[in-house]
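Scroll down for the structure; my scribbles are underneath it.
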Amino acid sequence: YNLHMSIHETLKKEIPEALRAKDQVRLTTLRSLVTAMTNEAVAKKMKPDAFLDDESAATVLKRAANQRKDSIEQFEKAGRTELAEPEKVELAIIQTYLPQMIGREEIEPVVKAKMEETGASTKADTGMLIGAVMAELRGKADGADVKAVVDSLLT
């Protein structure tokens, strides 16, 4: 995808492509994402046709991805795999637009640096430390991964 184009613009531009390709699932997914972006822009008191910055767009994408994950889980629990399948396809499409998350091995040095900086060393410091690390890695690391690294390093 285009590096000079925002995530929001990219999504909007790909709708006609999905239409031409008669890719119904992709089309539906892109339209729902663009709608979510527009709603977010309006909620932020921006014009409905304004483009979100990539950080806000990534937040909307993560929310959409989490909704799909929840649906998949619910459907699978209920034994309705046929309903979970389209959600999985949508999730895969959404994930192609999400900024790549860094792995735990890349999170660890940041956690160690923050521990030194803040003097965090015990389990009591967990929340503060996760907050400090997430603030630094905003949009680059998954919260669950950060928590796992922090838990493994605090005594």
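Odds and ends about this structure:
- Hits in the range 1-27 - residues which are polar (S, T, N, Q) and open to solvent by less than 30 Å² (accessible area, probe 1.4 Å): SER6, THR10
- Taking the criterion of being polar (S, T, N, Q) and more than 14 Å from ILE94 (Cβ to Cβ), the residues of the range 1-59 that qualify are ASN2, SER6, GLN24, THR38, ASN39, SER56.
- When ALA21, ALA65 are screened for being in contact with a helix residue (DSSP H, G or I) (Cβ under 6 Å, 6 or more places away or on another chain) and aliphatic (A, V, I, L, M), only ALA65 passes.
- Inter-residue pairs, beta-carbon under 7 Å, first surrounded by 15 or more Cβ atoms within 10 Å (Cβ to Cβ) and in the range 28-40, second part of a helix (DSSP H, G or I) and small (Gly, Ala, Ser), 6+ apart: LEU30/ALA18; LEU33/ALA64; ALA36/ALA64; MET37/ALA57; GLU40/SER56
- Only a single item in (1) open to solvent by 30 Å² or more (accessible area, probe 1.4 Å); (2) modelled with pLDDT under 95; (3) within 16 Å of the chain's Cα centre (by Cα); (4) not aliphatic (A, V, I, L, M) is not met by GLN67, and it is number (2).
- Among the residues of the range 118-135, none is identified as acidic (Asp, Glu) and surrounded by fewer than 14 Cβ atoms within 10 Å (Cβ to Cβ).
The values are calculated or read from the model by the stated rules, or taken from the named source; none is laboratory data. Computed from a predicted structure; not experimentally measured. A quick note on method: Cβ atoms are made from the backbone with ideal geometry, for glycine too, and the neighbour counts reach across all protein chains shown. Each accessible area value is taken on the protein alone, full model and side chains, heavy atoms only, with ligands, DNA and RNA left out. Shrake-Rupley method; radii C 1.70, N 1.55, O 1.52, S 1.80 Å.
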